[in-house]
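Note sheet for the following structure.
Read-outs throughout are calculated quantities, based only on the coordinates presented, and are distinct from any laboratory measurement. The structure presented is a predicted model; accordingly, all values stated were derived computationally and were not measured. So basically every Cβ, Gly included, is an ideal-geometry build from the backbone, and we count neighbours across all protein chains shown.
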Amino acid sequence: MAGSIYSDAQKSVARAFVHARHEAGLKQADLAAAIGKHQSYISDIERGQRRIDVLELYVIAIAMGIAPTDFYQALVQDVPVDFRL
């Protein structure tokens, strides 16, 4: 299914998430602590096991020191324009 949580688009978003976290110099546990979550929360996002909503994206971006709009753009840059849920 194209909109599966395991889709190529979701994998692309997960890779971009990992890259952004590494660029911010944060370990999963550091980022999780900064947003009041457990390390497994970040791990689940990065493995494509958990999607995030817009408010979570906002909080995570701020914790990484990234403008939320820049973070969003980085996450979706490789998602096909014809992607459907």
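When Val54, Val13 are checked against the criterion of being over 19 Å from Pro80 (Cβ atoms) and out of contact with any Phe, Trp or Tyr (no Cβ under 6 Å at 6 or more places or on another chain), Val54 stands alone in meeting it.
Looking at this structure, is Asp44 under 19 Å from Tyr6 (Cα atoms), surrounded by 13 or more Cβ atoms within 10 Å (Cβ to Cβ) and without any contact (Cβ under 8 Å) to a residue 40 or more places away in the chain?
Values: under 19 Å from Tyr6 (Cα atoms): yes; surrounded by 13 or more Cβ atoms within 10 Å (Cβ to Cβ): yes; without any contact (Cβ under 8 Å) to a residue 40 or more places away in the chain: yes.
Yes: the conditions hold for Asp44.
How many residues does segment 47-58 hold that are surrounded by 15 or more Cβ atoms within 10 Å (Cβ to Cβ) and among the hydrophobic types (A, V, I, L, M, F, W, C)? Counting residues in segment 47-58 that are surrounded by 15 or more Cβ atoms within 10 Å (Cβ to Cβ) and among the hydrophobic types (A, V, I, L, M, F, W, C) gives 2. Residues that are in a helix (DSSP H, G or I) and small (Gly, Ala, Ser) within segment 43-60 comprise just one, Ser43.
Take the conditions in contact with a helix residue (DSSP H, G or I) (Cβ under 6 Å, 6 or more places away or on another chain), part of a helix (DSSP H, G or I) and either in contact (Cβ under 8 Å) with a residue 40 or more places away in the chain or surrounded by 15 or more Cβ atoms within 10 Å (Cβ to Cβ) (or both) and apply them to Leu75. Does it pass?
Details: in contact with a helix residue (DSSP H, G or I) (Cβ under 6 Å, 6 or more places away or on another chain): yes; part of a helix (DSSP H, G or I): yes; either in contact (Cβ under 8 Å) with a residue 40 or more places away in the chain or surrounded by 15 or more Cβ atoms within 10 Å (Cβ to Cβ) (or both): yes.
It is true that Leu75 is in contact with a helix residue (DSSP H, G or I) (Cβ under 6 Å, 6 or more places away or on another chain), part of a helix (DSSP H, G or I) and either in contact (Cβ under 8 Å) with a residue 40 or more places away in the chain or surrounded by 15 or more Cβ atoms within 10 Å (Cβ to Cβ) (or both).
Are any of the residues in segment 18-41 touching a residue at least 40 places away in the same chain (Cβ under 8 Å), outside any loop (DSSP other than H, G, I, E, B) and surrounded by 15 or more Cβ atoms within 10 Å (Cβ to Cβ)? Checking segment 18-41: at least one residue is touching a residue at least 40 places away in the same chain (Cβ under 8 Å), outside any loop (DSSP other than H, G, I, E, B) and surrounded by 15 or more Cβ atoms within 10 Å (Cβ to Cβ).
Given the options Asp30, Asp53, Asp44, name the one that is under 15 Å from Gln73 (Cα atoms) and of a type in the set (Asp, Glu).
Of Asp30, Asp53, Asp44, the one residue that is under 15 Å from Gln73 (Cα atoms) and of a type in the set (Asp, Glu) is Asp53.
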